[in-house]
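Working notes, beginning with the structure itself.
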Amino acid sequence: MSVDEHTVQYIAKLARIEKPVGDELKGLVDDLNNILAWVEQLEELSTENVEPMTSVVDASLRVRADIVTDGGYPEDIVENARDARDNFFVVPQVVE
Amino acid sequence: MRASPMRPKNGGDVNAQAKSSKLISGATGEWEVVIGLEVHARIMSQSKLFSGASTAYGGDPNAHVSLVDAGMPGMLPVINEYCVEQAIRTGLGLNAKINTYSVFDRKNYFYPDLPQGYQISQYQYPIVGEGEIDVELEDGEVVTIGIERLHLEQDAGKSIHEERSKKSLVDLNRSGVALMEIVSKPDLRSAEEAGAYISKIRTIVQYLETCDGNMDEGSLKADVNVSVRKPGEPLGTRCEIKNVNSVRFIMQAIEYEANRQIDLLERGEEIEQQTRRFNSETGKTTKMRGKEDAHDYRYFPDPDLLPLEIEESRIEEIRQSLPELPDAKKRRFMTELGLSDYDAGVLTADKPSAEYFETVAQGRDPKLAANWIMGDLFGALNKADLEIEASPVKADQLGALLDLIGDQTISGKIAKQVFQIMFETGGDPVKIVEDQGLKQVTDTGAIEAEIDKIIAANPDQVAQVKEKPKAIGWFVGQVMQATGGKANPQAVNQILKEKLGLDG
C-alpha cells in the first residue's frame with residue numbers, strides 16, 4: 001500500500017491543515033510511504049489464532065456510576081475561547 | 001422473536017415487495033419506495049455517556065459541561081455503566097441480539113459543536129445486533145420490520161445562528177449526552193409504514209424508560225433514507241434526509257422525496273446520491289451536499305477506551321427486569337380484559353394512557369373503563385390540548401365516577417354531566433353528586449307519581465303506545481325530563497310497562 005500526492009493533499013484537507021505543495025508535499029508522500037512500508041513488514045508475521053491485543057496489561061474497561069459529579073463552571077469552560085459572550089462560545093457563523 | 005407465516009415479513013429482505021396499495025403511480029407505471037430509518041434516541045440518564053456532567057435539558061449555557069465534554073486536552077472518557085444498561089434494555093425490547101463484545105470508535109469531523117473533533121461512536125462492533133419489531137398499520141395489517149443494529153454514541157452541542165452578527169453561539173450542554181442510534185433494515189415500503197415504525201420505537205423506549213421519546217426536545221429524531229424502483233428491480237440510488245424531528249414530518253419528507261425521485265427518473269434523469277434536509281414550512285427536501293462532498297469520517301478504534309465486554313449473566317438479569325412491553329400489554333388487554341383489538345391498540349400506544357387505563361379498570365368493568373377513557377376523557381383532553389399526564393380528572397377520580405354508575409347512585413347520562421364538572425374543576429365525583437343533588441331517584445313511589453301525572457295528561461299518546469310499543473321511548477323521555485334526568489332508567493321502564501299494560 002502506498003499514497004500518492006493527491007491522497008496526501010486529501011488527507012491534509014480532512015485534517016483541516018494547510019494544503020501541502022511542492023517539496024513539502026513530496027517529502028510528506030515519501031515519509032508516509034516509508035511508514036506504510038514498515039507497517040507492511042509487520043504483516044509478514046502470521047497472526048492467525050492470535051487475539052487482537054487491546055491493552056498491554058490485563059485490564060477491562062473502567063466504568064462509572066450514573067451520578068452527576070461534574071459541571072457547573074461555565075466561566076472556566078469558555079475562559080480560553082477566542083471569543084465568548086454570556087458563557088457561549090462565539091464562532092464565525094456556520095450553517096451547513 | 002415471532003414471525004407467523006400469515007404475516008407479510010419484510011425482515012431483512014430488500015427484495016420483499018410492497019402491496020400494490022403502497023406503490024406510487026407515476027407516468028410510466030407504478031413505483032415502489034424503499035425506506036430505511038436511522039433513529040437517534042437520547043438515553044434517559046442522570047449524567048453523560050463519558051463524563052459526570054448533568055444531562056438535564058436546557059440549563060444556562062455551558063453549565064452542564066465538564067472538561068471532558070469540552071474536549072480539553074488530556075481528558076479521558078470513562079463510560080457510564082447505566083447508559084450501557086439502557087442500551088442493552090432497549091436492544092432486548094427490540095428483540096435483538098446483545099453483543100457481549102463491542103468497541104468504541106472515533107468518527108472524525110469538524111464542526112464547532114463537536115469540540116473533540118470526533119464523535120465517540122461504535123462502527124464495526126456495535127453493542128446490539130439484529131432484531132425485529134412488529135408494526136401495525138391503519139388497516140390492521142401487521143408488518144415485521146428488521147433492525148440492523150443499535151449502537152451507543154455521543155450527542156453534539158448546540159449552535160445558535162445569529163443573523164445580526166453573522167456569528168454562531170455554541171452551547172455544549174448537550175455535548176456528550178448518550179444517544180442510541182437504531183438503524184432499521186431497508187424494510188419500509190411507504191410513508192405510513194415509516195410513521196408507524198418510528199411511533200412503535202417511541203412507544204417501546206417509553207415503556208422501557210430508556211428514552212423519554214420527546215420529539216419536540218429532540219430526544220428522538222431520525223435520518224431517513226429514501227430510494228425508489230420499479231417493483232422487482234434492484235435498489236435505486238438513495239438520498240438521506242437528515243434530522244427529521246416529528247412523525248408527521250418524516251412521513252411528509254418521504255412523500256415529497258419519493259415523488260421528486262420518480263419525477264427525475266421519468267424525465268430520464270439519474271438520481272444523485274445526496275444528503276438532503278427537510279423544510280417543515282414548505283414540506284420540501286433540498287440538497288445539503290452531494291456525493292463528492294460526502295463526509296469521510298475515517299473511523300478508527302478509540303485508543304482511550306478498551307472494548308466493552310458484557311457478561312451473559314448481566315444481560316439475563318436485565319432481561320428478567322424488563323417491564324411489560326406494548327405488544328404483550330395489548331395482548332393481555334385483549335385476552336384477559338376482553339378489549340377489542342382497536343381499543344387495546346389505542347390504550348397501549350403510549351405508556352401514560354395504558355397506566356391510566358389500568359388504574360381505572362382495576363376492580364371495575366374494563367370495557368366501561370375503556371369507553372370512558374377513549375370517549376369522554378380523550379375527547380375533553382383533545383379539546384383542551386392536554387396530555388393525559390396533565391388531565392384534570394385523575395385515574396382514581398374517573399374510577400370513583402364509574403363506581404357511582406356501578407352502584408346506581410347516578411345514571412350514565414348524569415355521569416357525563418358530572419364528568420364535565422370534574423374536568424373543569426378537578427373536583428371529586430362523590431362530592432359533586434352530593435352538592436348538586438344529582439343522585440339518581442330510585443324511590444319508585446316518586447317515579448310512579450310522575451308517571452301517573454304524565455299518563456293522565458296525555459291520553460292520545462297512551463292510546464298510541466298500545467299499537468306501537470316502541471313509542472314507550474317518548475314516555476321515558478318525559479319522565480326523565482320531569483325528574484331532571486335523575487330517575488333510574490330501569491325503574492322508569494319497568495313501571496311504565498306495568499302502568500301502560502305492555503308486556504315485559
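The values are calculated or read from the model by the stated rules, or taken from the named source; none is laboratory data. Keep in mind it's a predicted model, so treat the numbers as computed, not measured. All Cβ positions, glycine included, derive from the backbone under ideal geometry; neighbour counts span all protein chains shown. Note: areas computed on protein heavy atoms with side chains; ligands, DNA, RNA excluded. Shrake-Rupley method; radii C 1.70, N 1.55, O 1.52, S 1.80 Å.
What to note about this one:
- The Kirkwood hydrodynamic radius of segment B:444-500, based on inverse pair distances between different Cα atoms, is 11.1 Å.
- Cα gyration tensor category, rounded, prolate or oblate, for chain B with a/c compared to 1.5: prolate
- Shape call, chain A: gyration tensor on alpha carbons, a/c limit 1.5: oblate
- Between helix B:247-266 and chain B: long-axis angle, C-alpha atoms, 0 to 90°, nearest 10: 60
- Spatial offset of segment B:48-110 relative to segment B:401-431 amounts to 49 Å, using the alpha carbon center of each.
- A helix-only calculation puts chain A at -11500 deg cm²/dmol for mean residue ellipticity at 222 nm, using -39500 (n - 2.57) for each DSSP H run of at least four residues, averaged over all residues.
- Peptide B:171-180 is shielded by partner chain Cβ atoms: per residue, an average of 1 of them sit within 10 Å of its Cβ.
- Positions from segment A:61-84 whose accessible area shrinks by 30 Å² or more when the full protein complex is built, not the chain alone, probe 1.4 Å: A:L61, A:R62, A:V63, A:R64, A:D66, A:V68, A:D70, A:Y73, A:P74, A:I77
- Each label point was placed 7 Å from the Cα along the Cα-to-Cβ direction; for A:R62 and B:L235 their separation is 4.1 nm.
- Accessible surface computed residue by residue for segment B:324-435, with neighbouring protein chains in place and a 1.4 Å probe, gives 49 Å² per residue.
- Working note: 222 nm ellipticity from helices only, DSSP H runs with n ≥ 4, each -39,500 (n - 2.57), summed and divided by the residues of chain B, gives -11000 deg cm²/dmol to the nearest 500.
- Treating each Cα of segment B:168-219 as an identical point scatterer and summing with the Debye formula, the log10 of I(q)/I(0) at q = 0.14, 0.23, 0.26 Å⁻¹ comes to -0.50, -0.99, -1.12.
- Label-to-label distance, B:K383 versus B:K284, with points set 7 angstrom from Cα along the beta-carbon direction: 4.1 nm.
- The protection proxy used here, the mean number of other Cβ atoms lying within 10 Å of each residue, ranks peptides B:70-79, B:154-163 as follows, highest first: B:154-163, B:70-79.
- Fraction of the pair-distance distribution of segment B:324-435 above 20 Å, Cα-Cα pairs, percent: 37
- For peptide B:48-55, the mean count of partner chain Cβ atoms within 10 Å of a residue's Cβ comes to 4.
- Neighbouring partner chain Cβ atoms per residue of B:63-76, average, 10 Å criterion: 3
- Label point 7 Å beyond Cα of B:R248 along Cβ direction - residues of segment B:178-216 with amide nitrogen under 14 Å: B:215-216
- Angle of helix A:22-42 to the longest C-alpha principal axis of chain A, folded into 0 to 90 degrees and rounded to 10: 70°.
- Of B:K383/B:K431; A:K19/B:K221; B:K48/B:K394, those spanning more than 27 Å from alpha-carbon to alpha-carbon: A:K19/B:K221; B:K48/B:K394
- Under the shape rule built on the C-alpha gyration tensor, where the axes satisfy a ≥ b ≥ c, segment B:387-459 is prolate, since a/c reaches at least 1.5 and a/b is greater than b/c.
- Taking the charge dipole of the protein assembly as shown about its Cα centre, with +1 at Lys and Arg Cβ atoms and -1 at Asp and Glu Cβ atoms, the residue from B:G375, B:V205, B:F249 reaching farthest to the positive side is B:G375.
- Chain B: angle of helix B:444-457 to the longest principal axis, Cα-based, in degrees nearest 10: 70
- The contact between chain A and chain B removes approximately 3700 Å² from the accessible area (both sides summed; 1.4 Å probe; ligands, DNA and RNA excluded).
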